[in-house]
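What follows is a short report on a single structure.
Here, each number is a calculation from the coordinates, and none is a lab measurement. Just so you know, these numbers come straight off a predicted model, no measurement behind them. Here the Cβ positions follow ideal geometry from the backbone for every residue, glycine too, while neighbour counts run over all protein chains shown.
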Amino acid sequence: MNHDSYDDAYISGILNSIKTIAIVGASANEVRPSFFVLKYLINKGFDVYPVNPGQAGKEILGTKFYARLSDIPVPIDMVDVFRASEAVPGIVEEVLGLDPLPKVLWTQLTVRHDEAAARAEAAGIKVVMNRCPKIEYGRLSGEIAWNGVNSRVLSSKKPVMRAGYQSFGIRQK
């Protein structure tokens, strides 16, 4: 797959098909981007599991930190990576050891590793790199447009209110 650009249908298809998300590299520090993404995704109704060995066993926003993906007690639909690109191959190894396999491997802005992505895709896992699910969710739902940002989504329909703070979500419940 070409990871230089993604069709909106591909991204929205992913965001509509997942429920559980593991955030590898999640931070308890309220000023870190991973904290904002964690909080946002929880508020949108996703079940989010932060993964950070240094925080394992502690709680953040009512959910427990885990040391590694294999410690999470439920199947994970998507793994969101907040680590440097060099860490992605090791994370993919851990992902490939999960049973069942996650549906999606997503790496955050500036994080890209094409060889690791190819390994995940060969196992049937969809991959998104160098994107943020918080930004993509907001853009595709039209929520970002409320803040004056061009979402490239035009509609004459009023946004459907969902649970959570300013949720006009794209998710179908």
- For the range 65-78, what does the Karplus curve 6.51 cos²θ - 1.76 cosθ + 1.60, with θ = phi - 60°, yield as ³J(HN,Hα) per residue in whole Hz, taken in order and with x for Gly and Pro? 6, 10, 6, 8, 4, 5, 7, 6, x, 10, x, 9, 7, 9
- Message: Which of Thr107, Thr63, Thr20 has the fewest other C-beta atoms within 10 Å, and how do the rest follow up to the most?
- Response: Thr63, Thr20, Thr107
- Under 5 Å, built H, 5+ apart or other chain: amide partners of Tyr49: Ile21, Ala22, Ile23
- Item | For the range 8-133, diffusion coefficient by Stokes-Einstein and Kirkwood Rh (Cα), 20 °C, 1.002 mPa s, µm²/s | 150 µm²/s
